[in-house]
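Worksheet for the structure shown next.
The values are calculated or read from the model by the stated rules, or taken from the named source; none is laboratory data. This one's a predicted model, so the numbers in the text were calculated from it and none came from an experiment. Here the Cβ positions follow ideal geometry from the backbone for every residue, glycine too, while neighbour counts run over all protein chains shown.
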Amino acid sequence: MSSDHIEAFLHYLQVARAVSPHTLKAYRVDLKQLAEYLGNNAVALTHANHLHLRGFLGVQAATHSAATRARRLAAVKSFYKFLARRKVIASSPARRMKSPKLPNRLPRAIPVDDAFAVMEAPDDERLLGARDHAMLEVLYGSGVRLAELCGLSLDSLDIGNGMIRVLGKGNKERVVPLSEPAIESLRHWLLVRPALLAKPRPKQDPTALFLNFRGGRLSTRSVARHLDTYVRSLNLGRKVSPHALRHSFATHLLAGGADIRSIQELLGHASLSTTQRYTHVSFEQLQKVYDKAHPRA
């Protein structure tokens, strides 16, 4: 029965809230672990009180970060709110539980020279190198999220006008311009891309813009793994994630004079306050330059 409630909740998130597959997967794990913990204490999901829930989160404090515990609490609170609204329970036992304080981590942007080196790392003469070059240029040149990149299909691309149509969080669609290097690398990729579909294989997706070596849609995990391989080959001395390229896109735009509202639209942020974190990053960089260069600093 508990698994039925969890599946109903996850179905609601997927259909009514249009949450990302990553969030669905994480919430499924969180709630399965909650059900297991309660089961070991002979408590049903629908009979848990706030002390049971505090116990569940408390046992993870030693082995999980504050961010993980905050996400798990968010899953628990959302789940019990869903059950209360469906009249499965009288009220949510998690409604007054507070999330642990999280460190205010600023986005990590990489230097422009390092970003250019990453873009140029793939070998365009190789089939998969051409794909990787195009996907990295789109990540850095358009600032799309990793899931948005992997969700791109051929009909998302308007290469003649230099734009892509992106489906973001909450199924919100936005149009994002492409940089000239991205357009050039995409044109090359589209020329060689059919080779990955020449031999019929299971789970091929001819509609996907970026394909794996079997002709299926490229996954987020694969993109991150390929990027990590290129970064390690360059010996940059830093880790560069797909999200770091998105942060770098925004930070470099801001440093180049772009206004914050335009950056908000490009990133697909619902709230301006989310985008304004980049102003702090830019200010920190300016402060370092000032402290190093000004005679009175």
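Of all residues in the range 38-53, which are loosely packed, with under 12 Cβ neighbours inside 10 Å, farther than 17 Å from L83 by Cα and either in contact with a Leu (Cβ under 8 Å, 6 or more places away or on another chain) or not aliphatic (A, V, I, L, M) (or both)?
N40, N41 - these are the residues of the range 38-53 that are loosely packed, with under 12 Cβ neighbours inside 10 Å, farther than 17 Å from L83 by Cα and either in contact with a Leu (Cβ under 8 Å, 6 or more places away or on another chain) or not aliphatic (A, V, I, L, M) (or both).
Only one of these conditions is not met by L31: (1) surrounded by 11 or more Cβ atoms within 10 Å (Cβ to Cβ); (2) at pLDDT below 90. Which number is it?
With respect to (1) surrounded by 11 or more Cβ atoms within 10 Å (Cβ to Cβ); (2) at pLDDT below 90, L31 is out only on (2).
For the range 55-68, how many residues are part of a helix (DSSP H, G or I) and farther than 25 Å from A8 by Cβ?
Of the residues in that region, 3 qualify.
Within the range 1-11, which residues are modelled with pLDDT under 90 and surrounded by 15 or more Cβ atoms within 10 Å (Cβ to Cβ)?
S2 - this is the single residue of the range 1-11 that is modelled with pLDDT under 90 and surrounded by 15 or more Cβ atoms within 10 Å (Cβ to Cβ).
State whether the residues of the range 59-66 include one that is at negative phi, surrounded by 13 or more Cβ atoms within 10 Å (Cβ to Cβ) and touching a residue at least 40 places away in the same chain (Cβ under 8 Å).
no
Output the residue which, of all residues in the range 44-54 that are assigned to a helix (DSSP H, G or I) and farther than 12 Å from K98 by Cα, is nearest to the chain's Cα centre (by Cα).
Among residues in the range 44-54 that are assigned to a helix (DSSP H, G or I) and farther than 12 Å from K98 by Cα, the one nearest to the chain's Cα centre (by Cα) is L45.
Are there any pairs, at least 6 apart or on different chains, whose C-beta atoms fall under 8 Å, with the first in the range 256-281 and assigned by TED's automatic domain parsing to the domain that holds R145 and under 16 Å from P177 (Cα atoms) and the second modelled with pLDDT of 65 or more and of a type in the set (S, T, Y), and if so, which?
Pairs found: L266/S142.
Given the criterion outside any loop (DSSP other than H, G, I, E, B), in the same structural domain as D124 (by TED's automatic domain parsing), under 18 Å from the mean Cα position of the chain (by Cα) and farther than 18 Å from A117 by Cα, identify the matching residue among R193, R246, R174, R187.
R174
Working only within the range 193-224, note down all residues that are within 17 Å of L154 (Cα to Cα), aliphatic (A, V, I, L, M) and surrounded by 17 or more Cβ atoms within 10 Å (Cβ to Cβ).
L196, A208, L209, L211, L218
Would it be correct to say that A130 is modelled with pLDDT of 90 or more, surrounded by 13 or more Cβ atoms within 10 Å (Cβ to Cβ) and in contact with an Asp or Glu (Cβ under 6 Å, 6 or more places away or on another chain)?
Judged against the criteria, A130 is a match.
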